[in-house]
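The values are calculated or read from the model by the stated rules, or taken from the named source; none is laboratory data. These numbers come from a predicted model, not from an experiment. Methodologically, a virtual Cβ is constructed for each residue, glycine included, from the backbone with ideal geometry; neighbour enumeration extends over all protein chains shown. Side chains included, ligands, DNA and RNA excluded: accessible areas come from the protein's heavy atoms. Shrake-Rupley method; radii C 1.70, N 1.55, O 1.52, S 1.80 Å.
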Amino acid sequence: MKTKVVIIGAGPAGLLLGHLLRAEGIDCVIVERQSRDYVESRVRAGVLERTTTDLLRRLGIDERLNAEGMVEEGFILADGAQRVRIDVKALTGHHVTIYGQTEVTRDLIAAAPGRGLEIIFEAGDVAIHDVVGSAPSLRFVKDGIATTIEAEYIAGCDGFHGPSRKAIPANGREYQRDYAFGWLGILADVPPCHDELIYANGEKGFALASMRSPSRSRYYIQVPLTERLENWSEDRLWDELEGRFAPLASRPVVRGLALEMSIAPLRSYVFEPMRHGRLFLAGDSAHIVPPTGAKGLNLAASDVHYLADALIAQCIRGDEAGLDGYEAKALVRIWKAERFSWYLTKLMHRLPEDGPFERRMQIAELDYVASSEAMQRSIAENYVGLPL
Ligand code: RFL
Ligand code: PHB
């Protein structure tokens, strides 16, 4: 099999890249390890920046987004009795959109056949070959049959644990910060306790009240990394959430059966370089942010925006400059999103290594945010997404 660009991974990065290339008539194939069902039911992000919704609109894959996406014009940062509303709309003129990553993924997969975008699901043993030469290839096994795809370029959109980053030689550089806690999340078909997201720092640590729709809520609390899901009954988690949000929210926390419950570790991570020969990394394969700023999926989308432009320029006009400049362009935005996610994580969580001094710094910082429109604007413009 031969194609122009072979994409590893059918997450948001791979699917968006595939569609952007197909929209310009460029041949590409996506190779995904998991089944379609698995990919479509993974529960992850919920907040889309304008840059991400713009991409979906540019592709014309926005019917459900327009009908079901919830416009969010602000959010709350709370610490004890201090409650600051960041009026994103008033401060930036823009808003974010609540629309689940699960829904984005479903929409992109559903639109693929009509646009000539082939996705090969359940491809095992994906192996990358000859990216430094002029004829790279990807091998995988599907239904027991080994297949090779020859391509001009390989896009590594295979997330944090995929093979692409590992295919880059050992002189790559990792910048990393692991946090000693994770987020225990619950998704349930109950109305949200507040119309806007509430990020809350409390005695027992961080908690987030989020949502997917007017009838579906998503909540998280900070737990130690050593915490096990088995220790948390649904009732125990609802009790905890009620304790945290009853004083902050405009409505009671309504309990419901968990559609999903999981613990996700928090990590800040950047890998450089994002290019090795004809292999390019995009999304979580090259970087991870802690979810506190809701940046991960949006950063995957902005990487792909740059990478698609560069591949299109090469494939249509033979112009290599875009590919040469891809990493530098992408990293500027990546590092700023890393900074914001790290800042908000430190401001809103109880870090085990922090003492009374750091705690006073958190209180002073949020007091300052409360009193300074300049600080609020800075937070708002990062939250809504820095311009491309
Ligand atoms: P993905 O989504 O991980 O997709 C990678 C795909 O590659 C496949 N793959 C392979 N395919 C073939 N062969 C192999 N050997 C392969 N190995 C892996 C995988 O099966 C998968 O389909 O990466 P991508 O596309 O870069 O997208 C990144 C986002 O998924 C991620 O950054 C966000 O979910 C992060 N995130 C959030 N981001 C936001 O922008 N806003 C949010 O509100 C937000 N909340 C979150 C989050 C992530 C969370 N978790 C679970 C980590 C909340 C949570 C709890
Ligand atoms: C979510 O709804 O899953 C969500 C929202 C905001 C975040 C992280 C996750 O910062």
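Charge dipole (Cα centre; +1 on Lys/Arg Cβ, -1 on Asp/Glu Cβ; no other charges) of the chain amounts to roughly 240 debye. With both labels modelled 7 Å from their Cα along Cα-to-Cβ, the A127 to M375 distance reads 5.6 nm. Scaling against 2.2 N^0.38 Å puts the C-alpha radius of gyration of the range 80-128 at 2.05.
Quick one: divide the alpha-carbon radius of gyration of the range 114-179 by 2.2 N^0.38 Å and tell me what you get.
1.33
Applying 1/(1 + (r/R0)^6) with r as the Cβ-Cβ distance of L225 and D367 and R0 = 30 angstrom yields a FRET efficiency of 0.50. Each distinct pair of alpha carbons in the chain adds a 1/r term; the inverse of their mean, the Kirkwood radius, is 21.7 Å. Of all beta bridges that DSSP places with both ends in the chain, some 75 percent have antiparallel geometry. Taking every DSSP helix (H) stretch of at least 4 residues in the chain, weighting each as -39,500 (n - 2.57) and dividing the sum by the residue count yields a mean residue ellipticity at 222 nm of -11500 deg cm²/dmol. With all protein chains kept in place, the per residue accessible area of the chain amounts to 42 square angstrom at a probe of 1.4 angstrom.
Residues considered: G124, G114, G69. Largest GNM mean-square fluctuation over the chain, using C-alpha springs under 10 Å, is found at G114. Using a probe of 1.4 angstrom, how much of the accessible area of the range 139-209 is carbon and sulfur, in percent? It is 49 percent, rounded to a whole number. Using only Cα atoms, find the angle between the long axis of helix 234-245 and the longest principal axis of the chain, and express it within 0 to 90 degrees, rounded to the nearest 10. Helix 234-245 sits at roughly 60 degrees to that axis.
Relative contact order, whole percent, for the chain stands at 21, derived from Cα pairs under 8 Å and 6 or more residues apart. For the range 175-217, what log10 I(q)/I(0) values come out of the Debye formula at q = 0.13, 0.23, 0.29 1/Å, with one point per alpha carbon and no solvent? Reported log10 I(q)/I(0), two decimals: -0.38, -0.84, -1.05. Here each label is just a point 7 Å from Cα along the line to Cβ, and for A321 and W335 those points are 2.3 nm apart.
Restricting attention to the chain, the count of lysine pairs at 8 or more positions apart or across chains with alpha carbons under 28 Å apart stands at 20. With the chain treated as a Gaussian network of Cα nodes joined by springs under 10 Å, which of E32, E260, E338 yields the largest mean-square fluctuation? Per the Cα network of the chain with a 10 Å cutoff, E260 tops the list. Projecting the Cα atoms of T105, N201, T92 onto the charge dipole of the range 71-213, computed from C-beta unit charges around the Cα centre, puts N201 farthest toward the positive end. With the dipole of the chain worked out from charges on the C-beta (+1 for Lys and Arg, -1 for Asp and Glu) around the Cα centre, which of L311, A67, L297 lies farthest toward the positive end? Checking the options against the dipole of the chain, the answer is L311. For the range 1-128, the residue among A123, Q82, L21 whose Cα projects farthest onto the positive side of the dipole built from Cβ charges is L21.
Enter the Cα centre distance for the pair the range 94-132 and the range 199-223, rounded to the nearest angstrom. Cα centroid of the range 94-132 versus Cα centroid of the range 199-223: 28 Å apart.
Any chance you could check the Cα centroid distance between the range 320-335 and the range 365-381 for me, in angstrom? Here the two parts' Cα centres lie 30 Å apart.
Between G296, G162, G14, the Gaussian network model of the chain with springs among Cα atoms under 10 angstrom shows the greatest mean-square fluctuation at G162. Reducing the range 160-188 and the range 21-50 to their Cα centroids gives an inter-centroid distance of 19 Å.
Normalised by the number of residues in the range 196-256, the average gap of Cα pairs under 8 Å and 6 or more apart makes the relative contact order 23 percent.
Computed from label points 7 Å out along Cα-Cβ, the spacing between A135 and A110 is 4.2 nm. Using only side-chain charges placed at the Cβ, +1 for Lys and Arg and -1 for Asp and Glu, the dipole size of the range 49-144 relative to its Cα centre rounds to 200 debye. Semi-axes of the equivalent ellipsoid for the range 12-76, computed as √(5λ) from the eigenvalues of its C-alpha gyration tensor and ordered from largest down, come to 24, 17, 10 Å. Neighbours of V289, meaning other residues whose beta-carbon lies under 10 angstrom from its beta-carbon, give a summed charge of +1 when Lys and Arg score +1 and Asp and Glu score -1.
Relative contact order of the range 1-80: 25 percent, from C-alpha pairs under 8 Å at least 6 residues apart in sequence.
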